[in-house]
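Computed from the coordinates by the stated procedures, all read-outs in this text should not be read as laboratory data. In this text the structure is predicted, and so the values were computed from the model without any measurement. Positions of Cβ are generated from backbone atoms using ideal geometry, with glycine treated the same way; all protein chains shown enter the neighbour counts.
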Amino acid sequence: MATEHVDGTNRGNVVLYALSTCGWCGKTKELLRQMGVAFDFVYVDLLEGSEQDDAITQVEKFNPQGSFPTLVIDDRKVIVGFREQEIREALGS
Amino acid sequence: MSFTGVSESDVDRLYRVLKQEAEDGGYRFNPDSDFTKNLIRGILKNEQRYGYRACPCRLASGKSAEDLDIVCPCDYRDPDLSEYGACYCALYVSDAVAEGKQQPPPIPDRRPPRSERRKEAVVHTVATGPVMTLPLPVWRCRVCGYLCARNQPPDTCPICKVKKDRFERFI
Ligand code: SF4
């Protein structure tokens, strides 16, 4: 899947599933940047065809609602929506 | 994020129109105009790529019949405004949020997940109670609840300005 990497402090495998048009996705991405955490992100709306289907299936695996933003840490911890407090706690800063 | 083909003047124009329409209908726009304009930019981007103004915070399918419920303003705006003080994207907010007395919280998406969504456009009829004989059918706007008794729903909802296809037969 076409993820983009943002450099920063390694806090585990942090993946943000987002939409390019969504306000809360933007805020979540901005927060991660501000925190200086290394993460990968993917704008699912910009993917096409089977690549998009695979990404949606992936998101639904972590968040059955299939909504955005979905933040996945180490394939275990899932935070749905812009929940600043929870994100800060989960990524230790 | 900025998008190719969506100019800032388009964003400003739609921002003014939608804000005015919201206020005329008794709704409020999020006072954070940077945040709001970003959502408007997303709505315009969606109109450009899908042909309809799909919610910027939800993934559209590209098939308008499947996404009628998430054409902005979506069917979920009013219940979310009542329960959380904002629509899912926080474009529309309650008075308390508009006046800065409350922050919009993260809202769980009210739209059914993909597996539970109906594939075709929902048949817009609601079960009726006791059989009534009325001189005219009653139509309900699925977005704002406006009711009117006439042969056909109006082309545009006079309250929330959505199109005719968002109406359902109520009685
Ligand atoms: S009204 Fe619905 S579609 Fe429009 S911005 Fe809000 S949540 Fe999205």
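Which percent, to the nearest 5, of DSSP beta bridges fully inside the protein assembly as shown are antiparallel? Please report the intermediate quantities before stating the final value.
On the way: 22 of 28 bridges.
Percentage antiparallel, nearest 5: 80.
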Cut-off under 28 Å on the C-alpha distance; same-chain residues fewer than 8 positions from B:LYS163 excluded. Which lysines are left, in chain and number order? B:LYS19, B:LYS37, B:LYS45, B:LYS63, B:LYS119
Using helices alone, what [θ] at 222 nm do you get for chain A, with -39,500 (n - 2.57) per DSSP H run of 4 or more residues, divided over all residues and rounded to the nearest 500? -11000 deg cm²/dmol
Under a Gaussian network model of chain B whose springs join Cα atoms within less than 10 Å, the largest fluctuation of B:ARG13, B:ARG77, B:ARG140 belongs to B:ARG13
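Starting from the alpha-carbon convex hull of the protein assembly as shown, give the projected area averaged over all orientations, in nm².
Averaged projected hull area, Cα only: 15.5 nm².
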Which of B:GLU66, A:GLU4 has the fewest other C-beta atoms within 10 Å, and how do the rest follow up to the most? A:GLU4, B:GLU66
Among B:ASP78, B:ASP67, B:ASP32, which one shows the highest mean-square fluctuation when chain B is modelled as a Gaussian network with alpha-carbon springs under 10 Å? B:ASP32
What fraction of the DSSP beta bridges in segment A:1-66 is antiparallel, stated in percent and rounded to the nearest 5? 40 percent
With Cα coordinates, the longest principal axis of chain B makes an angle with the long axis of helix B:8-24, in degrees rounded to 10, of 40 degrees
Could you pull the Rg and Dmax for segment B:8-102, using just the Cα atoms, both in Å? 12.9, 39
Residue-normalised 222 nm signal for chain B, counting each DSSP H run of n ≥ 4 as -39,500 (n - 2.57), nearest 500 deg cm²/dmol, is -8500 deg cm²/dmol
Given points 7 Å out from each Cα along the Cα-Cβ axis, report the B:LEU147 to B:ASP165 separation in nanometres with one decimal. 2.7 nm
Using a Förster distance of 35 angstrom, determine the FRET efficiency expected from the C-beta separation of B:VAL138 and B:ALA65, and round it to 0.05. 0.90
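Need one value for B:44-52: mean number of C-beta atoms belonging to other chains within 10 Å of its residues' C-beta atoms. It would help to have the intermediate numbers written out before the result.
Numbers: counts 1, 3, 3, 0, 0, 3, 1, 0, 0.
If you average over the peptide's residues, the count of other-chain Cβ atoms is 1.
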The base-10 log of I(q)/I(0) that the Debye equation returns for chain B at q = 0.14, 0.17 Å⁻¹, one scatterer per C-alpha, is -0.79, -1.13
Per-pair calculated FRET efficiency, R0 = 45 Å: B:THR4 and A:GLU60 via Cβ, rounded to 0.05: 0.90
Compute a Gaussian network model of chain A, connecting alpha carbons closer than 10 Å, and tell me which residue from A:SER50, A:SER20, A:SER67 fluctuates the most. A:SER50
Relative contact order %, chain A, counting alpha carbon pairs below 8 Å whose residues are six or more apart: 34 percent
